[in-house]
Amino acid sequence: MFDTVVVATDGSDSVKRAVDVALDLADRFDAEVHALSVIDASEVDASPQQLRDELRTALETTADAALTTVEERAERDVTTAVREGRPAVEICDYAREVDADVVATGTRGRHGENRLLLGSVAERIVRTSPVPVLTVRQLAPAGEDDGDDGNATAA
């Protein structure tokens, strides 16, 4: 059913569970795994000119670390890629390019605290993806109850 799984990661804590779920799905279906991290071009462009190169380098380092984490957690080979642009657009374009069967992502990334249900990137991916999207919520830390049962949902 699934031959190619794309996991979108920004390295944030909320994406760690999505990585685990995506890798488990790939293991169950013996699917190829592609891990993608996108450097948000608007974040770089919004920074002061004298800081842009430094910010881009820092974001590239974060992206590389996020992809390394996926590779370390996987029990199979992982194809990795870093793109720069609008995250949702780049993720959907990548899914088309690799003929993905599903895209897995967290519901909130590094900037997700201001969104109620889905982060803006996850929401855009769900609305525009050419393939099914598996959104995975981070479980609340022990003792906290945010009303989330921790289930993954497919859109």
Residue 38 surrounded by 14 or more Cβ atoms within 10 Å (Cβ to Cβ) and in contact with a Ser or Thr (Cβ under 8 Å, 6 or more places away or on another chain):
no
Condition check for residue 122: in a helix (DSSP H, G or I) and modelled with pLDDT under 95
yes
Look at residue 100 and say whether it is under 16 Å from the mean Cα position of the chain (by Cα) and loosely packed, with under 14 Cβ neighbours inside 10 Å.
no
Among residues of segment 56-79 being of a type in the set (Val, Ile, Thr) and crowded, with 18+ Cβ neighbours inside 10 Å, the residue farthest from residue 19 (Cα to Cα) is 78
Can you work out which of the residues in segment 124-139 that are of a type outside the set (Val, Ile, Thr) and either surrounded by fewer than 16 Cβ atoms within 10 Å (Cβ to Cβ) or free of Cβ contacts under 8 Å to residues at least 24 places away in the same chain (or both) is nearest to residue 94 (Cα to Cα)?
130
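The values are calculated or read from the model by the stated rules, or taken from the named source; none is laboratory data. The model shown is predicted, which means the values in this text are computed figures rather than measured ones. Cβ: placed from backbone, ideal geometry, glycine included. Neighbour counts: every protein chain shown.
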